[in-house]
1. Taking into account only those residues within segment 284-307 that are more than 28 Å from Lys370 (Cβ to Cβ) and of a type in the set (A, V, I, L, M), which is surrounded by the most Cβ atoms within 10 Å (Cβ to Cβ)?
2. Test each condition in (1) part of a loop (DSSP other than H, G, I, E, B); (2) free of Cβ contacts under 8 Å to residues at least 24 places away in the same chain for Ala196 and report the one that comes out false.
3. Given the conditions (1) surrounded by fewer than 18 Cβ atoms within 10 Å (Cβ to Cβ); (2) under 30 Å from Val44 (Cα atoms); (3) modelled with pLDDT of 95 or more, report the number of the one that Leu387 does not fulfil.
4. Among the listed residues Ala265, Ala254, identify the single one that is in a helix (DSSP H, G or I), over 30 Å from Asp63 (Cα atoms) and either assigned by TED's automatic domain parsing to the domain that holds Ser78 or of a type in the set (Gly, Ala, Ser) (or both).
5. Restricting attention to segment 91-134, which residues are modelled with pLDDT under 95 and in a helix (DSSP H, G or I)?
6. Within segment 322-368, track down each residue that is without any contact (Cβ under 8 Å) to a residue 24 or more places away in the chain and not aliphatic (A, V, I, L, M).
7. Select from segment 47-76 the residues that are polar (S, T, N, Q) and modelled with pLDDT under 95 and list them in ascending order.
Amino acid sequence: MDRIKVIGGSRLEGTIPISGAKNATLPLMIASLLTSGTLTLENVPQLADVVQLGRILGNHGVDLAIAGKRPGQSDGHSQTFRLTAHEIVDTLAPYEMVSRMRASFWVLGPLVARMGEAKVSLPGGCAIGTRPVDLHLDALRALGAEIELEGGYVIANAPSGLTGGRITFPKVSVGATHNALMAATLAKGETIIENAAREPEVGDVAECLVKMGARIEGIGTSTLNIQGVDELKGAVHSVLPDRIETGTYAMAVAATGGDVMLDNARADLLEAALDVLREAGVEITVTNSGIRVSRNGAGLKPINVETQPFPGFPTDLQAQLMALMTIADGTSNIRETIFENRFMHVQELARLGAEIDLDGDLARVSGVRKLHGAQVMATDLRASVSLVIAGLVAEGETVINRVYHLDRGFERIEEKLGRCGAQIERLSS
């Protein structure tokens, strides 16, 4: 199992290209199930989750072609996918596939919408909370699907097709919004989704569905109005830049007192996070080509923040912010309101010398003068990269174990950081 070694103390300087968003890429790939035409996705990141989802979709009959390199592109350049589900050959999504990646559960809605049936295993994924699928199932029931649970599988049937309905989510759910939105595009009549997730990735998927012929109003708001159509067609769509990767590297730069241009980043996708960094004393400059992040050596100010659905501070940046605040001048308060088990990185940061007290959903982070390198273990995707950030500023050597989590969501992280001066390398077992 691979590990990553980081020698702390180097200042990050240079340019980091921001990849396409993982959290948009996965549902966009799944949207290919809705049409017999070819869906072309540009700016697709090279990630383990993307590869795994490609295998899952192939099991349903989706042909995936990856465009070759273009002149001047490196091996790590973002990819172009062409996905064609001319015929769905299997509506079963088996446990051994779905258990490896939670987002693969989202095939449920498109399969029922197009084929009138689906049998999908209950999902797996990062162990950061229970994340029940009730909202997904209730949404499909509202569209006329009959749902049964049997032997760890969801069995959904709509032999006469789905029909439009009103879906009101009791709480915001990105995954359930994706599932309901995709299913509704082929349902007969009008569907209204209330309390829909407003995350940019949901909007990106909706924009792609519109290119495919879907009729969707209210994109970017909490109320989506979908007029079902008989069929969708192929389209070409470029994945929006990854706001979580942007925020992660911004915090890494801030931690090291560096100066880096985040190329292709979009400030409008993470204003709440950028505001928090400004509050902490980090200089943020938005340009036509991206976002420049710098800190001139002044100390970091402590902050108080709580995670919220978009447009609030994202839960997917909570661990990274906590790593940054371990070296702030004072005590920060970070409250996690989205997932009940997303503080597993705390004990690993403590191994590096961080002082963090937990009180339910609140973490009090008392900044220390120095962190010290140690052996640590990644517990989930975002926690793993928080340990990289801490390792960049810790004295000596930090070795991060179980970095397969990193490969699920961060494209070429060692290369991107290494080009900006970080002493970082992958150790293959």
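1. Of everything passing the filter in segment 284-307, Ile291 is surrounded by the most Cβ atoms within 10 Å (Cβ to Cβ).
2. (2)
3. Evaluating Leu387 over (1) surrounded by fewer than 18 Cβ atoms within 10 Å (Cβ to Cβ); (2) under 30 Å from Val44 (Cα atoms); (3) modelled with pLDDT of 95 or more leaves (1) as the failure.
4. Working: Ala265 fails: in a helix (DSSP H, G or I).
Selected residue: Ala254, the only one of Ala265, Ala254 that is in a helix (DSSP H, G or I), over 30 Å from Asp63 (Cα atoms) and either assigned by TED's automatic domain parsing to the domain that holds Ser78 or of a type in the set (Gly, Ala, Ser) (or both).
5. Result: Tyr95, Glu96, Met97, Val98, Arg102, Ala103, Ser104, Phe105, Asp134.
6. Selection gives Phe343, Gln347, Asp357, Asp359, Gly360.
7. Hits for segment 47-76 are Gln52, Gln73, Ser74.
Rundown of residues vs (1) outside the structural domain of Glu201 (by TED's automatic domain parsing); (2) closer than 18 Å to Thr256 by Cα; (3) at pLDDT below 95; (4) of a type in the set (Val, Ile, Thr), yes/no style:
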| position | (1), (2), (3), (4) |
| --- | --- |
| Glu271 | yes, no, no, no |
| Val305 | yes, no, no, yes |
| Met325 | yes, yes, no, no |
| Ser332 | yes, no, no, no |
| Met344 | yes, no, yes, no |
| Arg351 | yes, no, no, no |
| Leu362 | yes, no, no, no |
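The values are calculated or read from the model by the stated rules, or taken from the named source; none is laboratory data. Computed from a prediction, not measured in an experiment: that's the story for all the values here. Reconstructed Cβ throughout: ideal geometry from the backbone, glycine too, with neighbour counts over all protein chains shown.
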